[in-house]
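Colleague: Could you have a look at this structure, given as structure tokens, before my questions?
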Amino acid sequence: METTFEIYSSSITTLAVMAAIMLVQLITADVTSISRKHIPGTSVSDDHSDFLFRVTRTVANTNESIAIFVCVLLFCILSGASPTLTAYGAWTYVTSRGVYAVCYYANLQTLRSICFGLSALALVGLLLVGVFY
């Protein structure tokens, strides 16, 4: 008999991948800040043309949604939701967040917004999977 960890292994793997994405975002923001000699704790300019602004917003935006992802993923796993649908939703979220970060770094605003919307839809989808499947 398979354990819960085996049944949901693909979905659980998304947590590690998301942690790696967040670590890359944090290091990118820190290295950029240090190289610019930005004083910690001071405001970053509200200018989308400034790479420092974009990398700090990427970190902040990911921090705003990661708790929701963890909660809905745990809800799906603990409620015994469809492992396949859970994995699809989790991978959609993680992939769209990774592409979102790249688009934000590259200042591709329309594609970034599409990726943000896709990640939000993935969260809604995961919640629905947990409730209905």
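The values are calculated or read from the model by the stated rules, or taken from the named source; none is laboratory data. For clarity, every value in this text was computed on a predicted model and none was experimentally measured. Glycine gets a Cβ as well: all are built from the backbone with ideal geometry, and neighbour counts include every protein chain shown. Ligands, DNA and RNA are stripped out before the accessible areas are found, and what is left, the full protein with its side chains, is counted by its heavy atoms. Shrake-Rupley method; radii C 1.70, N 1.55, O 1.52, S 1.80 Å.
Colleague: Specify which residue in the list Tyr8, Ala60, Thr92 is farthest towards the positive end of the charge dipole of the chain, using unit charges on the beta carbon of Lys, Arg (+1) and Asp, Glu (-1), about the Cα centre.
Modeller: Going by the charge dipole, the pick is Ala60.
Colleague: Can you tell me the order of 35-41, 21-27 when each peptide is scored by its average per-residue count of other Cβ atoms within 10 angstrom, highest first?
Modeller: Taking the mean over residues of other Cβ atoms within 10 Å, the ranking is 21-27, 35-41.
Colleague: Between beta-carbons, use under 14 Å as the cut-off and find the net charge around Thr62, counting Lys and Arg +1, Asp and Glu -1.
Modeller: On the way: positive: Arg54, Arg57, Arg97, Arg112; negative: Glu64.
Within the 14 Å Cβ shell, the charges total +3.
Colleague: Now for a separate question. Where the accessible area of segment 1-60 is counted over protein heavy atoms with a 1.4 Å probe, how much of it, in %, is carbon and sulfur?
Modeller: Looking at segment 1-60 in its full context, I get 66 percent from C and S.
Colleague: Also, quick follow-up: Taking only C-alpha pairs under 8 Å that are 6+ residues apart, what is the relative contact order of the chain in percent?
Modeller: 29
Colleague: Local charge sum around Leu118 (other residues, Cβ-Cβ under 15 Å, Lys/Arg +1, Asp/Glu -1)?
Modeller: Numbers: positive: Arg97, Arg112; negative: none.
With Lys, Arg at +1 and Asp, Glu at -1, the net is +2.
Colleague: Here is a further query. Treating the angle as unsigned and between 0 and 90°, give the value, to the nearest 10°, between the Cα long axis of helix 109-132 and the longest Cα principal axis of the chain.
Modeller: 30
Colleague: Now for a separate question. Within the set of other residues whose C-beta is less than 11 Å from the C-beta of Pro83, count the net charge using Lys and Arg as +1 and Asp and Glu as -1.
Modeller: -2
Colleague: Let me ask something else about it. Suppose all protein chains stay in the model; what accessible area per residue would a 1.4 Å probe give for the chain, in Å²? Write down the numbers at each step before the final one.
Modeller: Values: 7530 Å² over 133 residues.
Dividing the accessible area of the chain by its residue count gives 57 Å².
Colleague: Which FRET efficiency, nearest 0.05, do Arg57 and Leu128 yield, Cβ-Cβ r, R0 41 Å?
Modeller: 0.90
Colleague: Roughly speaking, what is the stretch gain from Thr3 to Leu118, that is 0.36 nm per residue apart minus the C-alpha to C-alpha distance, in nm to one decimal?
Modeller: Roughly 38.3 nm would be gained on extension.
Colleague: For Val31 and Ala67, what is the calculated FRET efficiency with R₀ set at 30 Å and r taken between the beta-carbons, to the nearest 0.05?
Modeller: 0.75
Colleague: Follow-up question, since we're still on this one. Kindly provide the GluC sites (Glu not before Pro) of segment 1-90 that DSSP labels as loop, not H, G, I, E or B, and whose Cβ sees at most 16 other Cβ atoms within 10 Å.
Modeller: Numbers: sites: Glu2, Glu6, Glu64; in loops: Glu2.
Listed in order of number, the matching sites are Glu2.
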